[in-house]
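Trainee: Handing you a structure now.
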Amino acid sequence: MPTSFTLSYPADEFNLERCVRSGQVFRWRDLGDGSWLGVDGERWFHVRDLSGCYEVDTNASEENFRSLFQLDRDSKQITRAILDRGSELRPYMQSLHGLRITRQSDAWETLFSFLCTPNNHISRITRMVRKLAEYGEVIGECFGPIYRFPRADRIAAISEQELRDQGFGYRARSIPRAAKEILGKPDGWLESLKQADYEEAHRELCSLRGIGPKLADCIALFGLHHGRAVPIDTHMWQVATRLYFPEWQGKPLADKRYKEFGDFFRGRFGDLAGWAHQYLFYENVLNWRSRRPANV
């Protein structure tokens, strides 16, 4: 049965909208009435955002909600630790108060969601993830049916043509193919990577066709909770060449540079590298257009 609870957080410590719009999750939607509906694994949350007071209806617990957004971690302490190691992040962090790294409960959902992301934008990714989710079982009802994300065996059974007909493009082949590869892994393979060190988890994820270094880092950070993961996409590459490696401007993001920048960032921020990355990444998502030269 659904339960309800209320949480209060200052806006500079937790901003739900920033967390769910910042490219970490794709199963949250704005209902247009000041509330949000989101799914995390077998849990769903209907959240009314009342300017720092959050009223939550859910099939889960307050502890589950707090865990998803890491609300037991002191964001001010994290901010101080990041700025002590990299004062250049100050303007970025000040512009995005309340942004947190999500700690997603279902690594499978995270993995398949990020398989929808290459060469894509957030609104289209969200539509694809929603369509994939509808292959799962119904776990609740709130403004329509709520679906538990399907397991790998169900995704493996979806035909390429069926996904192409739903607008998945070339991902219509890569998503079921990855599911079939995963079925050949030992039981508990993905969950076991939460206990592995970051480097091993990253290598194992990259062993799947269709998952390169960037997708592996996204899955490692949000689904496997490896704080040292630093996903580097076009936006983060712009940050890297603007703030840290100006000599790389105009050069492609080759594997060697990907690793070099990731190692540099991990060396600077340690287990907070992924958290620091999220501020730089999302700030660039919001502002990259204003930084382009006028003649571009």
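Trainee: Would you be able to say whether some residue in the range 268-288 is open to solvent by less than 70 Å² (accessible area, probe 1.4 Å), acidic (Asp, Glu) and in a loop (DSSP other than H, G, I, E, B)? Break it down stepwise before answering.
Mentor: Initial filter on the range 268-288 (open to solvent by less than 70 Å² (accessible area, probe 1.4 Å)): 269-270, 272-285, 287-288.
Applying the additional criterion that residues be acidic (Asp, Glu) yields 283.
The next check asks that each one be in a loop (DSSP other than H, G, I, E, B); those that pass are none.
No, every residue in the range 268-288 fails to be open to solvent by less than 70 Å² (accessible area, probe 1.4 Å), acidic (Asp, Glu) and in a loop (DSSP other than H, G, I, E, B).
Trainee: For the subset of the range 203-236 comprising residues that are open to solvent by 20 Å² or more (accessible area, probe 1.4 Å), out of contact with any Phe, Trp or Tyr (no Cβ under 8 Å at 6 or more places or on another chain) and not charged (D, E, K, R), which member is farthest from TYR170 (Cα to Cα)?
Mentor: Per the criteria, the residue is HIS225.
Residue-wise test of (1) of a type in the set (Gly, Ala, Ser); (2) surrounded by 18 or more Cβ atoms within 10 Å (Cβ to Cβ); (3) touching a Pro at 6+ places or on another chain (Cβ under 8 Å); (4) touching a residue at least 24 places away in the same chain (Cβ under 8 Å).
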{"residue": "ARG66", "(1), (2), (3), (4)": "no, no, no, yes"}
{"residue": "PHE69", "(1), (2), (3), (4)": "no, yes, no, yes"}
{"residue": "LYS76", "(1), (2), (3), (4)": "no, no, no, yes"}
{"residue": "PRO91", "(1), (2), (3), (4)": "no, no, no, no"}
{"residue": "THR102", "(1), (2), (3), (4)": "no, yes, no, yes"}
{"residue": "ASP106", "(1), (2), (3), (4)": "no, yes, no, yes"}
{"residue": "GLU109", "(1), (2), (3), (4)": "no, yes, no, yes"}
{"residue": "PHE112", "(1), (2), (3), (4)": "no, yes, no, yes"}
{"residue": "LEU115", "(1), (2), (3), (4)": "no, yes, no, yes"}
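Trainee: So is ARG177 assigned to a loop (DSSP other than H, G, I, E, B), closer than 12 Å to LEU115 by Cα and touching a helix residue (DSSP H, G or I) at 6+ places or on another chain (Cβ under 9 Å) or not? Spell out how you get there, then give the answer.
Mentor: On the way: assigned to a loop (DSSP other than H, G, I, E, B): no; closer than 12 Å to LEU115 by Cα: yes; touching a helix residue (DSSP H, G or I) at 6+ places or on another chain (Cβ under 9 Å): yes.
So ARG177 does not fit the description; no.
Trainee: Continuing with the same structure: Checking the condition free of Cβ contacts under 8 Å to residues at least 24 places away in the same chain and either open to solvent by 60 Å² or more (accessible area, probe 1.4 Å) or touching a Pro at 6+ places or on another chain (Cβ under 7 Å) (or both), which residue from GLU260, GLU191 passes?
Mentor: Details: GLU191 fails: free of Cβ contacts under 8 Å to residues at least 24 places away in the same chain.
Result: GLU260 is the single residue among GLU260, GLU191 that is free of Cβ contacts under 8 Å to residues at least 24 places away in the same chain and either open to solvent by 60 Å² or more (accessible area, probe 1.4 Å) or touching a Pro at 6+ places or on another chain (Cβ under 7 Å) (or both).
Trainee: Let me ask you something else. For the condition modelled with pLDDT of 95 or more, closer than 30 Å to MET1 by Cα, not in a strand (DSSP E or B) and not polar (S, T, N, Q), what is the one hit in PHE143, PHE149?
Mentor: Details: PHE143 fails: modelled with pLDDT of 95 or more.
Only one candidate qualifies: PHE149.
Trainee: Would you check which residues across the range 32-56 are at pLDDT 95 or above, assigned to a loop (DSSP other than H, G, I, E, B) and farther than 14 Å from LEU68 by Cβ and list them?
Mentor: Passing the criteria: none in range.
The values are calculated or read from the model by the stated rules, or taken from the named source; none is laboratory data. In this text, all values refer to a predicted model and were calculated from it rather than measured experimentally. So basically every Cβ, Gly included, is an ideal-geometry build from the backbone, and we count neighbours across all protein chains shown. Heads up: the accessible areas ignore ligands, DNA and RNA and are worked out on the full protein's heavy atoms, side chains in. Shrake-Rupley method; radii C 1.70, N 1.55, O 1.52, S 1.80 Å.
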